[in-house]
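Worksheet: the structure to be examined is printed underneath.
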Amino acid sequence: AHENSPFAGNGKQATAGFSMLEMMIVCAITMIVAGITAVAWGPVQKQQRVTAAYNSTLTTLRRAHDQAAGDMRIYVVTFTAPQTITVQQAGPASTTCQIPPTGAVLLTTVLPPDVSFQLEAGLPTSNTVAPTTPDALGNAAFAIDFDEPYTPGSNAICFNPDGTATDQLGNINSGVVYMGRTNDVYSARAISLEGATGRIRGWRLYNVSGVKTWRAQ
């Protein structure tokens, strides 16, 4: 009659729970799992930040291009190393490419802290022999390399209402901006601009049979 009684034969109430040893084992297992997860998740987070930087830069350039056509006025995109892009009206009533611009700022984009406009060693440098630079523009001498071939290394672009991109002298402004994480060559991304048409394309560096090669995304 007393088999299910909460009291043991010695008159004390039986207790249930974890012993100190069991709790220590559980804590140790939890810490090990957390450590493994952190190690596995770290590279994924780094990759996500590079992708976010690439997408933000691509979106900013396309926004400036589209805004110029929509507003029928000139917008200037200025890249400031290591991580900032500014889109600004050329001037309050400017009808020509004005660098530096003096008009209202449309938007400012800042890359994640561990991603910057930069070049890593080993990137393709030829614009004639495969594997070439993105869209065969420039020779990867500058991380921010617009206004090819007039003033290579220029950091500013004027987007015009007709869809073209030019420099301050009215020359067609084409080029590439490179970005990535330091000492991580395959984190490299690039965005090319073909000034005559305003075409903007994104690129990613791949290992193709042991050769570092840009591929359009």
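Note on region 103-132: residues that are within 18 Å of the chain's Cα centre (by Cα) and assigned to a loop (DSSP other than H, G, I, E, B) total 10. From the list THR182, THR151, the one residue that fits, being closer than 30 Å to ALA93 by Cβ and open to solvent by 10 Å² or more (accessible area, probe 1.4 Å), is THR151.
Taken over region 121-137, the criterion of being open to solvent by less than 20 Å² (accessible area, probe 1.4 Å) and within 19 Å of VAL77 (Cα to Cα) is satisfied by no residue.
Can you confirm whether ALA53 is hydrophobic (A, V, I, L, M, F, W, C) and more than 17 Å from ILE157 (Cβ to Cβ)? The answer is yes for ALA53.
For region 186-217, the set of residues classified as within 19 Å of CYS158 (Cα to Cα), assigned to a strand (DSSP E or B), touching a strand residue (DSSP E or B) at 6+ places or on another chain (Cβ under 7 Å) and open to solvent by 20 Å² or more (accessible area, probe 1.4 Å) consists of GLU194, ARG201, listed by residue number. Considering VAL208, VAL176, the condition of being of a type in the set (A, V, I, L, M, F, W, C), closer than 26 Å to GLY103 by Cα and in contact (Cβ under 8 Å) with a residue 40 or more places away in the chain is satisfied by VAL176 alone.
Right, LEU58: assigned to a helix (DSSP H, G or I) and under 27 Å from ARG189 (Cα atoms) or not? Yes, satisfied.
Report every pair of residues separated by at least 6 positions or lying on different chains whose Cβ atoms are under 6 Å apart, first residue within region 138-166 and under 14 Å from VAL77 (Cα atoms), second surrounded by fewer than 23 Cβ atoms within 10 Å (Cβ to Cβ) and of a type in the set (Ser, Thr, Tyr). Final answer for the pair search is PHE146/SER154; ASP147/SER154; ALA156/THR78; CYS158/THR166. Pairing each residue of region 182-199 that is closer than 23 Å to GLY210 by Cβ with any residue that is surrounded by fewer than 14 Cβ atoms within 10 Å (Cβ to Cβ), provided the two are 6+ apart or on different chains, yields C-beta distances under 6 Å for VAL185/GLY122.
Can you tell me which residue within region 61-100, out of those that are open to solvent by less than 20 Å² (accessible area, probe 1.4 Å) and part of a loop (DSSP other than H, G, I, E, B), is nearest to GLY175 (Cα to Cα)? Across region 61-100, the extreme among qualifying residues is CYS97. Cβ-Cβ contacts under 6 Å between residues 6 or more apart (or on different chains), taken from a first residue in region 56-82 that is over 17 Å from GLY195 (Cβ atoms) to a second residue that is of a type in the set (Gly, Ala, Ser), are listed as PRO82/SER116.
For the subset of region 154-179 comprising residues that are outside any loop (DSSP other than H, G, I, E, B) and in contact with a Cys (Cβ under 6 Å, 6 or more places away or on another chain), which member is surrounded by the most Cβ atoms within 10 Å (Cβ to Cβ)? Restricting to residues being outside any loop (DSSP other than H, G, I, E, B) and in contact with a Cys (Cβ under 6 Å, 6 or more places away or on another chain), the top hit is CYS158.
Of the residues making up region 1-54, those that are modelled with pLDDT of 80 or more and either within 30 Å of LEU111 (Cα to Cα) or in a strand (DSSP E or B) (or both) are VAL44, GLN45, LYS46, GLN47, GLN48, ARG49, VAL50, THR51, ALA52, ALA53, TYR54.
The values are calculated or read from the model by the stated rules, or taken from the named source; none is laboratory data. Just so it is clear, the structure is predicted and the values come from calculations on it, not from any experiment. All Cβ positions, glycine included, derive from the backbone under ideal geometry; neighbour counts span all protein chains shown. Side chains included, ligands, DNA and RNA excluded: accessible areas come from the protein's heavy atoms. Shrake-Rupley method; radii C 1.70, N 1.55, O 1.52, S 1.80 Å.
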